[in-house]
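What follows is a set of notes on a single structure, which appears directly below.
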Amino acid sequence: MMDQLTDISLIQRLAQGDRTAFSSLYDRYGLSLYHLSERLALEMEEREEIIAAVFLRIEQYASAYQPDRTSVGEWMLLHWKHCACAHLNNRRRERAAVQSSGKQNPYLMVYG
């Protein structure tokens, strides 16, 4: 049944706390957003963190979605962009902190 609902209906149901709508949106958009994350040349764990953050954010802001302003796909892409930028900024700050402290981070030595 959820497969027949429009994206807008799924967002509206998600705003009402429908966990099945959350799963359906993930099934529809998760892989596409993951593939976008691959373009950032991040490790798999980091890409997964971004996607998890995107879907948590979408759940948090579902009630704010305005279908007359943008499509669900574009709206989700905006949330992906926000989460990806936040992740990259945090990563950059962590690297700068490690470099300024003079300590070697084994993760950054391997993947850095």
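Calculate log10 I(q)/I(0) of the stretch 2-111 for q = 0.14, 0.20, 0.22 Å⁻¹, where I(q) comes from the Debye formula with a single equal point scatterer on each Cα and nothing for solvent.
-0.61, -1.00, -1.15
Work out the length of the dipole vector of the stretch 2-111 about its Cα centre, built from +1 on the beta-carbon of each Lys and Arg and -1 on the beta-carbon of each Asp and Glu, and round it to the nearest 20 debye.
Numbers: 13 positive and 14 negative charges, 104 e Å.
Magnitude of the dipole: close to 500 debye.
Tell me, in nm to one decimal, what length is gained between GLU38 and GLN16 on full extension, where the rule is 0.36 nm per residue of separation less the Cα-Cα distance?
On the way: separation 22, 0.36 × 22 = 7.92 nm, distance 3.17 nm.
Value of the extension gain: 4.7 nm.
Would you mind working out the magnitude of the charge dipole of the stretch 1-48 relative to its Cα centre, with +1 at each Lys and Arg C-beta and -1 at each Asp and Glu C-beta, to the nearest 20 Debye?
Values: 5 positive and 9 negative charges, 48 e Å.
Dipole about the Cα centre, nearest 20: 240 debye.
I need the calculated FRET efficiency for the pair SER23 and ARG91, taking r as the beta carbon distance and R₀ as 30 Å, to the nearest 0.05. Don't skip to the answer; put the middle values down first.
On the way: r = 29 Å, r/R0 = 0.97.
The computed FRET efficiency comes out at 0.55.
Towards the positive end of the charge dipole of the stretch 2-111, with charges on Cβ (+1 Lys, Arg; -1 Asp, Glu), say which of HIS79, GLN66, ASN90 has the farthest Cα.
Farthest towards the positive pole: ASN90.
Quick note: the coordinates plus some simple rules give every number you see, no bench work behind them. This one's a predicted model, so the numbers in the text were calculated from it and none came from an experiment. Quick reminder, even Gly has a Cβ in these numbers, built from the backbone with ideal geometry, and neighbours come from all protein chains shown.
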